[in-house]
Amino acid sequence: MKLVVVSAGLSVPSSTRLLGDRLAAAVGRTAEVETQVVELRELAVEIAQNFTNGFPGRALAAAQDAVAGADGLIVVTPVFSASYSGLFKSFFDVLDPEALAGKPVLIAATGGSARHSLVLEHALRPLFAYLKAVVVPTGVYAASEDWGAEGLDGRIERAAGELAALMTGLSVARAPRGTAADAFSAVVPFEEQLAALRPTG
């Protein structure tokens, strides 16, 4: 199976690319995949030219073919102004609107603060739903403080397992083997938290 990682990271090295690589490696531990990475940074000029002349350059056309022919996608963007980057959106704007129909897609993003973690739900998930992709239930957001901290590895493994299951035609209702415990399973109900604040005596 062919797995394509679309990374919109701009710097070298890039935490966005690093997150994409870690997700791809986790998918590779669950399913046999051939991985190709599309670095949008290298396609920025051709993407802009595609808007003005209506035709993709050679490298952009090859990237579009790779995405259209993939069995599954991992898409990763840095957060700019509380949303995906303009480069990331532009790539999908010049892609054939039917290229992602029915294709499993794992959404991921990086940012400087955990406050932007909902970008997955208010920006990326609606974009790929519009493009008729099958978005895996677990998205992965990595803030600066998440690197090396507890929790990120578990989210990566869970999301990768879900993508691999969709790529191989299995149900995602079953948790993948070796998935770390859900960090949200130990959440204290809000009523109990309020009760704990009441004065005693």
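The values are calculated or read from the model by the stated rules, or taken from the named source; none is laboratory data. All of these numbers come straight from a predicted model, not from anything done at the bench. For neighbour counting, all protein chains shown are included, and Cβ atoms are generated from backbone atoms with ideal geometry for every residue, glycine included. Accessible surface is based on the protein model in full, side chains and every heavy atom, while ligands, DNA and RNA are left aside. Shrake-Rupley method; radii C 1.70, N 1.55, O 1.52, S 1.80 Å.
Of note:
- Residue identified as touching a residue at least 60 places away in the same chain (Cβ under 8 Å), among the hydrophobic types (A, V, I, L, M, F, W, C), in a loop (DSSP other than H, G, I, E, B) and under 30 Å from Ser144 (Cβ atoms) among Leu10, Leu87: Leu10
- Within the stretch 35-45, considering residues that are part of a strand (DSSP E or B) and either in contact with a Leu (Cβ under 7 Å, 6 or more places away or on another chain) or open to solvent by 60 Å² or more (accessible area, probe 1.4 Å) (or both), the one nearest to Lys2 (Cα to Cα): Thr35
Matching residues to (1) closer than 21 Å to Asp153 by Cα; (2) touching a strand residue (DSSP E or B) at 6+ places or on another chain (Cβ under 9 Å):
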site	(1), (2)
Thr30	yes, no
Gln49	no, no
Arg58	no, no
Ala108	yes, yes
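- Criterion (surrounded by fewer than 17 Cβ atoms within 10 Å (Cβ to Cβ) and hydroxyl-bearing (Ser, Thr, Tyr)) met by exactly one of Ser85, Ser81: Ser81
- Condition met for Glu157 (open to solvent by 30 Å² or more (accessible area, probe 1.4 Å), assigned to a helix (DSSP H, G or I), under 19 Å from Ala31 (Cβ atoms) and touching a residue at least 12 places away in the same chain (Cβ under 8 Å)): yes
- For the stretch 91-125, the set of residues classified as over 25 Å from Met167 (Cα atoms) and either more than 16 Å from the chain's Cα centre (by Cα) or open to solvent by 30 Å² or more (accessible area, probe 1.4 Å) (or both) consists of Gly112, Ser113, Ala114, Arg115, His116, Ser117, Leu118, listed by residue number.
- Residues within the stretch 1-34 that are among the hydrophobic types (A, V, I, L, M, F, W, C), farther than 14 Å from Ala108 by Cα and open to solvent by 70 Å² or more (accessible area, probe 1.4 Å), tallied: 3
- Unique match (being touching a residue at least 24 places away in the same chain (Cβ under 8 Å), assigned to a helix (DSSP H, G or I) and over 17 Å from the mean Cα position of the chain (by Cα)) among Ala48, Ala62: Ala48
- Test set (1) more than 23 Å from Trp147 (Cα to Cα); (2) aliphatic (A, V, I, L, M); (3) over 18 Å from the mean Cα position of the chain (by Cα) - Val67 fails condition number: (3)
- Against the conditions (1) in contact with a Phe, Trp or Tyr (Cβ under 9 Å, 6 or more places away or on another chain); (2) closer than 23 Å to Glu32 by Cα; (3) surrounded by 24 or more Cβ atoms within 10 Å (Cβ to Cβ), Val67 satisfies every one except (3).
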